[in-house]
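A short reminder: the numbers here are calculations on the coordinates, not readings from a lab. Model, not experiment: these values are computed from the prediction. Neighbour counts are summed over all protein chains in view; Cβ atoms, including those assigned to glycine, are modelled from backbone coordinates with ideal geometry.
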Amino acid sequence: MSAASPAFVAPAPAPVPAGATARSTEGRPAPGGRRSRLLALDGLRLLAALMVCVYHYTGRGGTVSESWHRTPSQLFPTLSQGAVYGCLGVQFFFVISGFVICMSSWGRTLGDFFRSRVARLYPAYWVALALITAASLAWPAVTRAVRPDEFLVNLTMFQQPMGAPRVLGVCWTLWVEVRFYALFALLVVVRGVTYRRVVLFCGGWTLAAVLCRTAGSELLDQLVMPDYAPFFIGGLALYLIHRFGSDLLLWGLVVTSWLLGQYTATSGLWHEGAHGGSVRSPYVILLIVTLAFAAVAAVALGWTGRANWPWLATAGALTYPFYLVHEHLGWFVIRALRQELGLAAWPTLGATVTAMLALAWLMYRFVEKPFGPRLKRALKRSRPPGSRL
């Protein structure tokens, strides 16, 4: 299981400037005094990314075992027992993503929403594709060389429904995110984001996710995403709590999402009678899912207001590019350090994570920061005269 998400993708602007009072189109007041940025969310995003990274490096076998030249469970007997749960960073990401996407789409048109998502997702993604493709061609012993047709179709981010091989293992979660964006945009953003519309969307999506289990339709499963919908819905409801304050309806949506989400996570990751290096406890899965909801709930309730350290903004900026490159490029670094230079296991692990964070900073500084805004402006300028989106 690989992972990613633009919870790790989206920045976290605050909905209301400090000292101001916001109102939805229904006239419901939102609490004033919000910070200009919810820095705690940035820290949570990087934490989720590091969970996935540790899982990829020390919690599974396959190609990473070949790079280590031994199974991670042999090299890290204690760490690997906890690392097998790192894949739940994906579900953590999705809760954060629901919160962030609702926040960042408030007051935006459909065109604004579309342009912001394209400009945020694609520049770093294209660079990550190029880097991993080049590495596979230069050193095919680590991973199979990427063919030109595979690289080109992966540029669209639609390779998974096309049945094409994924150049980035983690990009399956980007496809989940894209479908969430499309649902939210077409059913909520197109008419303007309001309290009522988000609540109706959450309730309708919850019902559809439950009922589609009985339909036996692969297309319906792809559209509704019953395994992941509860996490996005929980994040959406928690943002409404952050913006409008607590009420029983919203907490009912959050609790329902948690109840459904813990079941889908457990049924997907725990298998009765399983044995070997990837055995997971259903109790630990339940605990991690609960902590993920609780962490975002703490942000929603304003309990993390003191977490205003500037380095958290940097952590948030690194999350998406780090998430994109860490898995496959990490295999190359691990193999080079272990098998070519003979470095010990723990220094190799530390050096690899540090190298991926450094590369993520370079991608943020020289790719995302300059080219994301340019792409957004170019998309806006390219509209035909008189058109509106």
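Using label points projected 7 Å from each Cα along Cα→Cβ, tell me how many nm separate residue 144 and residue 130, to one decimal.
Each label point lies 7 Å from its Cα, and together they span 2.5 nm.
Tabulate in residue order the Karplus-calculated ³J(HN,Hα) for the stretch 363-368, using 6.51 cos²θ - 1.76 cosθ + 1.60 with θ = phi - 60°, rounded to whole Hz; enter x for Gly and Pro.
Per residue, the Karplus-derived 3J(HN,Hα) values read 5, 5, 5, 10, 10, 5 Hz.
Positive end of the charge dipole of the chain (Lys, Arg +1 and Asp, Glu -1 on Cβ, about the Cα centre): tell me which of 94, 173, 104 has its Cα farthest that way.
104
Taking +1 at the Cβ of each Lys and Arg and -1 at the Cβ of each Asp and Glu, which of 152, 361, 344 sits farthest along the dipole of the chain towards its positive end, judged by Cα position relative to the Cα centre?
Toward the positive end, the furthest listed residue is 361.
Starting from the Kirkwood radius over alpha-carbon pairs of the chain, derive D by Stokes-Einstein at 37 °C in a medium of 0.692 mPa s and give it in µm² s⁻¹.
152
Assigning unit charges at the beta carbon (Lys, Arg +1; Asp, Glu -1) and nothing else, what dipole magnitude in debye, to the nearest 20, does the stretch 112-206 show about its Cα centre?
Values: 10 positive and 4 negative charges, 67 e Å.
Dipole magnitude for the stretch 112-206 comes out near 320 debye.
Can you work out ³J(HN,Hα) from phi for every residue in the stretch 181-195, in order, using Karplus 6.51 cos²θ - 1.76 cosθ + 1.60 and θ = phi - 60°, giving whole Hz and x for Gly and Pro?
4, 5, 4, 5, 5, 6, 9, 10, 4, 4, 9, x, 7, 9, 4
May I ask you to order 91-104, 367-380, 56-69 by the average number of other C-beta atoms within 10 Å around their residues, highest value first?
Values: 91-104: 28.1, 367-380: 14.6, 56-69: 20.2.
Packing order, densest peptide first, comes out as 91-104, 56-69, 367-380.
Over all distinct Cα pairs, what is the inverse of the mean 1/r for the stretch 304-357, reported as the Kirkwood hydrodynamic radius in Å?
Details: mean 1/r = 0.0797 Å⁻¹.
One over the average 1/r among Cα pairs gives 12.6 Å for the stretch 304-357.
Report the full-extension gain for the segment residue 182 to residue 380: residue separation times 0.36 nm, less the Cα-Cα distance, to one decimal in nm. Don't skip to the end; give the middle numbers.
On the way: separation 198, 0.36 × 198 = 71.28 nm, distance 1.91 nm.
Full-extension gain reported as 69.4 nm.
Could you compute how fast the stretch 53-196 diffuses translationally, taking Rh as the Kirkwood radius over C-alpha pairs and applying Stokes-Einstein at 20 °C with viscosity 1.002 mPa s? Give it in µm² per second.
Working: Rh = 17.6 Å.
Value of D from the Cα-based Kirkwood radius: 122 µm²/s.
Hey, if you put +1 on the Cβ of every Lys and Arg and -1 on every Asp and Glu Cβ in the stretch 284-389, which of 314, 371, 291 ends up farthest toward the positive end of that dipole?
The listed residue farthest towards the positive side: 371.
Helix 369-381 versus the longest principal axis of the chain: what angle, 0 to 90°, nearest 10, using Cα atoms?
50
List, in order, the whole-Hz ³J(HN,Hα) value for each residue of the stretch 304-311 obtained from phi through the Karplus relation with A = 6.51, B = -1.76, C = 1.60 and θ = phi - 60°; use x for Gly and Pro.
9, x, 7, 7, 10, 6, x, 5
For the chain, give the magnitude of the charge dipole about the Cα centre (Cβ charges: +1 Lys/Arg, -1 Asp/Glu; no others), in debye to the nearest 20. Write out the running numbers ahead of the final one.
Values: 34 positive and 15 negative charges, 309 e Å.
Using only the charged Cβ atoms, the result is roughly 1480 debye.
Calculate how steeply helix 39-58 sits against the longest principal axis of the alpha-carbon atoms of the chain, using the helix alpha-carbon long axis, and give the answer as 0 to 90 degrees to the nearest 10.
30
Please identify every one of the trypsin sites (Lys or Arg not before Pro) in the stretch 120-224 that sits in a loop by DSSP and has no more than 14 other beta carbons within 10 Å of its own beta carbon. Before the final figure, lay out each step's value.
Details: sites: 120, 144, 166, 179, 191, 196, 197, 213; in loops: 144, 166.
Loop-located and lightly packed - 144.
Helix 110-138 versus the longest principal axis of the chain: what is the Cα-based angle in degrees, 0 to 90, to the nearest 10?
Relative to the chain, helix 110-138 is tipped by roughly 0 degrees.
What whole-number distance in Å separates the alpha-carbon centres of the stretch 186-228 and the stretch 278-320?
Distance between centres, Cα-based: 25 Å.
Run the quick spin-label model on residue 112 and residue 255: label points 7 Å from Cα toward the beta carbon, then report their separation in nm to one decimal.
So the two model labels end up 3.5 nm from each other.
I need the fraction of alpha carbon pairs in the stretch 120-221 separated by more than 15 Å, rounded to a whole percent.
On the way: 3653 of 5151 pairs.
That fraction is 71 percent.
State, to one decimal in nm, how far the label point of residue 190 lies from the label point of residue 346, with both points 7 Å from Cα in the Cβ direction.
Those two pseudo-labels are separated by 5.6 nm.
Gain in length, residue 279 to residue 70, computed as 0.36 nm per residue apart minus the alpha-carbon separation, to one decimal in nm? Show your work: numbers first, answer last.
Numbers: separation 209, 0.36 × 209 = 75.24 nm, distance 1.86 nm.
Between residue 279 and residue 70, full extension yields 73.4 nm more.
Pulled fully out, how much extra length does the chain show between residue 137 and residue 155, if you take 0.36 nm times their separation in residues and subtract their Cα-Cα distance?
Numbers: separation 18, 0.36 × 18 = 6.48 nm, distance 1.73 nm.
The span from residue 137 to residue 155 would gain 4.8 nm if fully extended.
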